[in-house]
Amino acid sequence: MISKDRICAVVAAADAFGMWRQLAQALRVTRTVELRLDWLSGDAELDRFLARLARQRPRATLIATCRRREAGGKFRGTIAQQLVHLAAAVRSGCAWYDLEIETSSRCPPELLDVLLGEGRRIASAHFFQRSPENLRRVAAELGRGGPEAIKIALRCDSLGRSLDVLRLARGRKDLIAVPMGDVALPARVLALRDGSALAYAPVENSTAPGQVTLDAMKNLYRADQLRRTTRVYGVIGDPIGHSLSPVLQNAGFQARKMDAVFLPFLVRELRDFLLSVGRLGIAGFSVTLPHKQAILRHLDDCDPMAAAIGAVNTVVVRGGGKLYGYNTDYVGVLRALERRIPLRGSRSLIFGAGGAARAVAFALAESGASVCVCARRAKAAKGLARAVGGEVVERPRLQREFFDAIVNATPVGMHPAADRSPLAACELNCRLVFDLIYRPRVTKLMQLAALRGIETVSGVEMFVAQGTAQWEIWTGERAPVEAMRRAVLRALTREAKMSEP
């Protein structure tokens, strides 16, 4: 075992002060830290940092890394200089050092023993581009020469491949499995559960694709507390980085002290994800753009309302891996609007005709509202209007027509393109504007509406309502709604402050 704290904070900065500041932050969370010496801008900064490290000797398991550019790092010096720096780090208090195969394969074992014999070696291999066919052969090659631990980091273009990387660690205590890339993010979080000796998480600067921040790894996903019995849930979509579903759902699990975790899955191909459901032990998942309609083809059964809507945002994995679909967007719409306007007899415009728009349309129609649909895709707009007994409104008519409510069901204006609005101010002729987007909390569309004195409803209302309904479907328990809402609002407030000039 490398360390009792298996979440390894990654400290990487250009100067000694930044390295030390990050180290102090890391030690508040974990006692295992990788020091990326190759990120320091030159020998003077490196010497300054190691001198302070030698004086203060923090009580922690420190891993020195000075990765050369050939292996995906930043160090431009020679192999000899790299080894000298690592030796200095060992003398300064680093019990471990990481040496990539590009260097170790060109060094006589005797030289490593003389220079670095006091430290414990992690023999590592990083594959940022090519993917070796036989990962076990790579592990065997790394094990030659008797390192105390080995690490294999592989960029994965599919979830299935990331699980192949994790499989290497099963039954071993000396192997660090690092699936890299945005698609592999869930596997990074689950690496410790599957036996990896460490899971890396940066304090500030990402040093590899698809890394999860130290704060998220420790506090949001609680990666070091996950076990084989932990129930796994998630949200699938493309893109998925904007989603606050992990914040919402994990807050619920933590409030109820449940052994469960909720992860974001970047899913470009549904087949790749669905083939991994059993391997990951996934008990249920949320579905967002662009899969809400496509997922229907892969379900074993479906709630009648979801079938009528023609879109699913919630899936339960039942015995034998059977998939059962629901739509809780419908619930979210009703809870967000019912308290603000009388829906029966109202005239509402839905802008958009995708999966979310269908849920809005059915919710409004079932409540007795007159539904109008305006969308860029004329065929989709006509189909949706026909399904709910509504009408299509061509966009030029928006400046002349009046509605009780306008609902934006498109992703236009969603983070990070928050400066865009799907509709112009002159097209907002209504009493209320409801934007399904919740990130940012106040969208450009809502700002335009407010300037015209129009009441606005944030997508946060629908997001929390549909998400807590999902939570209850998955768990069979009453959701801690306020705890989940507070977590989302805290995240949005923090994000808004960070974006301030």
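No value in this document is a laboratory result; all are computed from the given coordinates. This is a predicted model, so every value here is computed, not measured. A quick note on method: Cβ atoms are made from the backbone with ideal geometry, for glycine too, and the neighbour counts reach across all protein chains shown.
Taking amide H as placed 1.01 Å from N in the peptide plane, the amide H of D435 sits under 5 Å from that of N408, V457, G459, each at least 5 places away or on another chain. Across the stretch 7-228, how large is the tail of the calculated P(r) beyond 30 Å, expressed as a percent of all Cα pairs? In whole percent, the long-distance tail amounts to 17. Were the residues from L299 through D182 laid out at 0.36 nm apart, the gain over their Cα-Cα distance would be 39.5 nm. Highest mean first, the peptides 63-72, 250-259 sorted by other C-beta atoms within 10 Å per residue fall in the order 63-72, 250-259. Which cross-chain or sequence-distant (5 or more) residues have an amide H under 5 Å from the amide H of R120, H modelled 1.01 Å from N in plane? Result for R120 returns W96, Y97. Principal axis analysis of the Cα atoms in the stretch 195-303 yields extents of 41, 31, 26 Å, listed in decreasing size.
Relative to the longest principal axis of the Cα atoms of the chain, the long axis of helix 481-498 lies at roughly 70 degrees.
When the alpha carbon gyration tensor of the stretch 170-249 is reduced to an equivalent ellipsoid, its three semi-axes come out at 20, 16, 12 angstrom, largest first. With all pairs of different C-alpha atoms in the average, the Kirkwood value for the hydrodynamic radius of the stretch 434-501 is 13.2 Å.
Length available on full extension from R452 to K497: 0.36 nm per residue minus the Cα-Cα distance, which gives 13.6 nm. From the largest down, the chain spans 84, 52, 39 angstrom on the principal axes of its Cα atoms.
Among residues other than L163 with Cβ under 10 Å from its Cβ, the summed charge is +1 (Lys and Arg +1, Asp and Glu -1). Taking Cα atoms only, the orientation of helix 355-366 departs from the longest principal axis of the chain by about 30 degrees.
Of K322/K379; K173/K218; K292/K382; K4/K257; K74/K292; K74/K444, which pairs sit farther than 31 Å apart, going by alpha carbon to alpha carbon? Correct reply: K322/K379; K74/K292; K74/K444.
Centre-to-centre, using Cα atoms only, the stretch 284-344 and the stretch 436-459 are separated by 25 Å. Note on Q25 and A255: the extension gain reaches 80.2 nm, defined as 0.36 nm multiplied by sequence separation minus the Cα-Cα distance. Relative intensity of the stretch 305-439 on a log10 scale, I(q)/I(0) at q = 0.15 Å⁻¹, equals -0.70, per a Debye sum over C-alpha point scatterers of equal strength in the absence of solvent. Here r is the Cβ-Cβ distance between A140 and R228 and R0 is 22 Å; the resulting FRET efficiency, rounded to 0.05, is 0.25. The mean sequence separation of alpha-carbon pairs under 8 Å and at least six residues apart, normalised by the residue count of the chain, gives a relative contact order of 9 percent. Rounded to the nearest 10 degrees, the angle from helix 79-91 to the longest Cα principal axis of the chain is 90 degrees.
Taking other C-beta atoms within 10 Å as the exposure proxy, R268, R339 rank R339, R268 from fewest upward.
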